[in-house]
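Read-outs throughout are calculated quantities, based only on the coordinates presented, and are distinct from any laboratory measurement. All values reported here derive from a predicted model rather than from experimental measurement. Quick reminder, even Gly has a Cβ in these numbers, built from the backbone with ideal geometry, and neighbours come from all protein chains shown.
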Amino acid sequence: MPLNPETLLNYPIPDVHQHLSRQDTAFYALSVGMAADPLDRKQLDFVDSARDFQAHPCFPVVLAYPGFWLGNPATGVDALKLVLGEQRIEWHKPIPVAGEIIGRTRVTGLVDKGPGKGALLYSDKQLVDAASGEVFAITSSTTFLRGDGGCGAPSGPVRAAHAMPEGTPDCVIDHPTRPEQALYYRLNGDDNPLHANPDVAIRAGFERPILHGLCTLAISFQALFEVLADYRSDLLHSLEVRFSAPVYPGETLRTEIWNDGSFRARVVERDVVVLNNGRLVLNRSELKKEHRS
């Protein structure tokens, strides 16, 4: 079934109710490499519920995940050829470490780049604490539908990427990834076989299963979190990034950070930029409070 823009723009994505446990919260942080250094006490707060336990700031990207709904033939999408293109996170309230949460995902836009050039699908997920009714985070994604160009959707507008600063970064931090990391990460709910099945990965044009783009982001984010926010979630306002190339599990990520919050990441072994046009925005009101005190 070919992609019909109206069908996709109005595709019904049911709300997801997730009963979140403290174990789920700790597992996510471990699956993205948090606390690889068991002597780093600040990182232990994200994996040990006996401490001042808190959720990893990137946790919202997998919470109340609606499943691989684009894999449903009714969407008309060529699911084998889709990849995550961009990700944004807005933090509004502290992320719950346990309890019931509700995820409301909706398609917000579709852009046709032309025959043979793919299409861009925009979607938002609003995360609500069921107990308080408060929205604690909003995640927004751009999915690149590589096989669906020429579908007849509008040719714009296209969301502009953050412009990277000129000059060398102010800080550079390396993080290794583990060969089996994608197999751990997919237990958070993203079970796309592209990240586990070698045959599927080869059919999609990759030499072997690739790491989830959102896992790559969370690993790279640790460098930003440490350098720009000293692991303080209350200082975080928003994040945006573009995924520019895949990562193979076992490769080393080098995150390059500028003091204004701009960042990118590259694979050391291949010298390929895999995250680009990134920006972390800090909560100015919290910074002003600290300055006054």
Range of Cα positions in the chain per principal axis (Å), largest first: 58, 46, 37
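Normalised by the number of residues in the chain, what is the relative contact order in percent for Cα pairs under 8 Å and 6+ residues apart?
Worked out over the chain, it gives 18 percent.
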HIS162: net charge of surrounding residues, Cβ under 11 Å, Lys/Arg +1, Asp/Glu -1, itself excluded? +2
Calculated from DSSP H runs of 4 or more alone, at -39500 (n - 2.57) each and per residue, what is the 222 nm mean residue ellipticity of the chain, nearest 500? -5000 deg cm²/dmol
Under 30 Å, Cα to Cα: Lys pairs in the chain, sequence gap 8 or more or different chains: 13
Along principal axes, Cα extents of the range 87-229, largest first, whole Å: 44, 39, 36
Against the 2.2 N^0.38 Å scaling, with N counting residues, where does the range 53-129 land? I'd like the Cα-based Rg ratio to two decimal places. 1.31
Which whole-angstrom value gives the distance between the alpha carbon centres of the range 136-207 and the range 1-62? 16
Options ALA153, VAL172, PHE225, ranked by Cα towards positive dipole end of the chain, top entry (Cβ charges): ALA153
